[in-house]
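Taking it in order: structure first as structure tokens, then the write-up.
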Amino acid sequence: MKYRPNHEGLRELLRGTAAKTLVIEHGERLANAAGEGFVLSTQQGKSRFRGIIYPKTWSARRREAKNNVLIRVLG
């Protein structure tokens, strides 16, 4: 028997509500751990749901540049 991936099922898994929920849940947790001024931005791409965390305020940008806050939050 030869393995044949279910491309449609994988596509639905990456673009579905389960993936969206996980991205938002983990993104908000990381943004809160980074501190004030860091926000989560999410977007549905062509192949998957994705999110980024970035510093929105000047003080958060300064803390990120000096202390690499986001790297430290990721561990």
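Filter segment 21-52 down to residues that are under 30 Å from His7 (Cβ atoms) and not small (Gly, Ala, Ser), then give me how many there are.
Number of matching residues: 15.
Can you tell me which residue in segment 47-75 is modelled with the highest pLDDT, limited to those that are closer than 30 Å to Arg15 by Cα, out of contact with any helix residue (DSSP H, G or I) (no Cβ under 8 Å at 6 or more places or on another chain) and assigned to a loop (DSSP other than H, G, I, E, B)?
Lys56
Which one is surrounded by the fewest Cβ atoms within 10 Å (Cβ to Cβ) among residues in segment 26-46 that are part of a strand (DSSP E or B) and touching a strand residue (DSSP E or B) at 6+ places or on another chain (Cβ under 7 Å)?
First pass over segment 26-46, keeping only residues part of a strand (DSSP E or B): 38-44.
Imposing the further condition that a residue be touching a strand residue (DSSP E or B) at 6+ places or on another chain (Cβ under 7 Å) reduces the set to 38-43.
On the way: Phe38: 22, Val39: 15, Leu40: 18, Ser41: 12, Thr42: 13, Gln43: 10.
Among those that are part of a strand (DSSP E or B) and touching a strand residue (DSSP E or B) at 6+ places or on another chain (Cβ under 7 Å), it is Gln43.
For segment 56-75, name all the residues that are surrounded by 12 or more Cβ atoms within 10 Å (Cβ to Cβ) and closer than 18 Å to His26 by Cβ.
Val69, Leu70, Val73
How about segment 1-29: which of its residues are in contact with a Lys or Arg (Cβ under 8 Å, 6 or more places away or on another chain) and either more than 24 Å from Leu74 (Cβ to Cβ) or modelled with pLDDT of 90 or more (or both)? Steps first, please.
The first filter runs over segment 1-29 and keeps only residues in contact with a Lys or Arg (Cβ under 8 Å, 6 or more places away or on another chain), leaving 14-15, 19, 23.
Across segment 1-29, the qualifying residues are Arg15, Ala19, Val23.
Could you grab me the full set of residues in segment 24-46 that are under 11 Å from the mean Cα position of the chain (by Cα), of a type in the set (D, E, K, R) and over 22 Å from Leu10 (Cα atoms)? Write out each step before concluding.
Within segment 24-46, the subset under 11 Å from the mean Cα position of the chain (by Cα) is 24-31, 39-43.
From what is left, the residues that are of a type in the set (D, E, K, R) are 25, 28-29.
The answer is Glu28, Arg29.
Would segment 1-12 turn up any residue that is of a type in the set (A, V, I, L, M, F, W, C) and part of a loop (DSSP other than H, G, I, E, B)?
Step one: filter segment 1-12 for residues of a type in the set (A, V, I, L, M, F, W, C), giving 1, 10.
Those still in the list that are part of a loop (DSSP other than H, G, I, E, B) too: 1.
Yes.
The values are calculated or read from the model by the stated rules, or taken from the named source; none is laboratory data. These numbers were taken from a predicted model, which means no experiment stands behind them. We place every Cβ from the backbone using ideal geometry, glycine too, and count neighbours over all the protein chains shown.
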